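See structure below.
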């Protein structure tokens, strides 16, 4: 595993290079090339009030698909309001710790050379795998003030995991329909036992970036705990969050957030409803783990013996059954559990499918993509990817067949089809031209 070697430069009074690309303030800059490594770049937002006459807080974000401008655009107005710099690597992505840590090195060094950064107010954040990377960086460097983990918590590498000796703040942001919801709940309890300051903010979402209002609360909390006098904004925001929560957010989470309000002199609340709800959630959690293990084992069995339809059909039927149960159940805890189980099978089918595709295990990858398609009730995904896989295998007839089926789904993104190089296999064929004409007319 690569360790961060350049991050220490962030905290040295080193010579500041004169760089050719000036960073415009008050706007999102999609791509800033790193001066010391032109292969690395990042998206950035510098508050319009920025000046080099003072040091500024900064949040380094890591996006699992290397879409740097996505979270920067999403949270730029919060950076503008609260006065911090926001950057996100365009290179860091899921799949390789070395790639992620190298991207962190490059971005840390470049921002240090360009900007005036407050070494005591450096934060990391990320979504999904990027969240795990953000926490790892805090553990490795021991120089991060706080981590905002969105939709995932501890990394899988033991030496990169937070422990009772960690000395930074942690804010967890997760949807109650997210497959990693229970992970965040358990992690928050662990941090409480360790005596590490943390906050858990739950939204009514599945596995996706947190809404801006939740990220704002997390940053307000981080800054308040770091001695910045914005407690009134934090208390107001938390009260608004609590008042806006529907019954689909557990009582435990409401009590938990009210507990943080108590720390700032706000209303008191009883913990008795929370104890009752905790027992219910523990029971649901055990059931959820059992269902997830069944789905995982069935997916592995289907991949190992992809010509046998038994495991495949069981997964497909399970997905449809969970969808029906979501619509029928009046129990909010079961409603959310089925959402999380479906989110889990979506995630593992996508991740496993693309891993198999990269390994050129095409038939097994097709099976995973089909599961993904069934989850979304969207046959376009299946026919698009099956057509691509057929082209990769140089199976002309199957490629044309899948493209015909794709056209019948009212697919109309003909430019995407034309720009996909793998379809050069069939591009000159008259049948392909007919399909293209149909897609253009959809």
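Derivation of every value follows stated rules applied to the coordinates shown; laboratory data play no part. All of these numbers come straight from a predicted model, not from anything done at the bench. When we count neighbours, we look across all protein chains shown, and the Cβ atoms used for this are built from the backbone with ideal geometry, even at glycine.
For the pair the range 304-358 / the range 92-129, the C-alpha centres are spaced 34 Å from each other. Potential lengthening of the chain between residue 81 and residue 308 amounts to 76.0 nm, from the contour at 0.36 nm per residue minus the alpha-carbon distance. Between residue 328 and residue 189, the modelled labels are 3.0 nm apart [label points 7 Å from Cα along Cα→Cβ].
Computed from the Cβ-Cβ distance with R0 of 35 Å, the FRET efficiency linking residue 355 to residue 440 stands at 0.55. Computed from the C-beta positions of residue 282 and residue 408, the FRET efficiency with R₀ = 60 Å rounds to 0.80.
The calculated 222 nm mean residue ellipticity attributable to helices in the chain amounts to -18000 deg cm²/dmol, summing -39500 (n - 2.57) over DSSP H runs of n ≥ 4 and dividing by all residues. Taking the chain as a Gaussian network of alpha-carbon nodes connected by springs under 10 Å, the highest mean-square fluctuation of the residues 88, 399, 368 belongs to 399. When only Cα pairs below 8 angstrom with a gap of at least 6 residues are kept, the chain shows a relative contact order of 9 percent. Taking 0.36 nm per residue of separation and subtracting the Cα-Cα distance, full extension of the segment from residue 377 to residue 225 would add 50.2 nm.
So how tilted is helix 362-376 from the main axis of the chain? Cα-based, degrees 0 to 90, rounded to 10. Once rounded, the angle reads 70 degrees. Its relative contact order, with pairs defined as Cα atoms under 8 Å and 6+ residues apart, puts the range 47-136 at 41 percent.
Across the chain, the volume of the C-alpha convex hull divided among the residues equals 168 Å³ per residue.
Using C-alpha pairs under 8 Å with a sequence gap of at least 6, the mean separation divided by the residue count of the range 88-189 gives a relative contact order of 20 percent. Structure remark: mean-square fluctuation, Gaussian network model of the chain, C-alpha springs under 10 Å; the largest value among 310, 25, 174 belongs to 310. The DSSP beta bridges internal to the chain are antiparallel in roughly 30% of cases. Report note on the peptides 49-61, 196-208, 295-307: ranked by the mean count of other C-beta atoms within 10 Å, highest first, their order is 196-208, 49-61, 295-307.
Against the main long axis of the alpha-carbon atoms of the chain, helix 69-82 sits at an angle near 20°.
Computed from Cα positions, the angle between helix 181-194 and the longest principal axis of the chain comes to roughly 30 degrees. Of all the options 363, 98, 429, the one that moves most in a Gaussian network model of the chain with Cα springs shorter than 10 angstrom is 429. Under the simplified labelling scheme, the residue 290-residue 320 pair shows an inter-label distance of 2.4 nm, with each label point 7 Å from Cα along Cα→Cβ.
Of the peptides 281-289, 342-350, the order by per-residue mean of other Cβ atoms within 10 Å, starting with the highest, comes out as 342-350, 281-289.
Take the Cα of residue 430, step 7 Å toward its Cβ, do the same at residue 363, and the gap between the two points is 3.4 nm. When each of 352, 329 is scored by the number of other beta-carbon atoms lying within 10 Å, the sequence from fewest to most is 329, 352.
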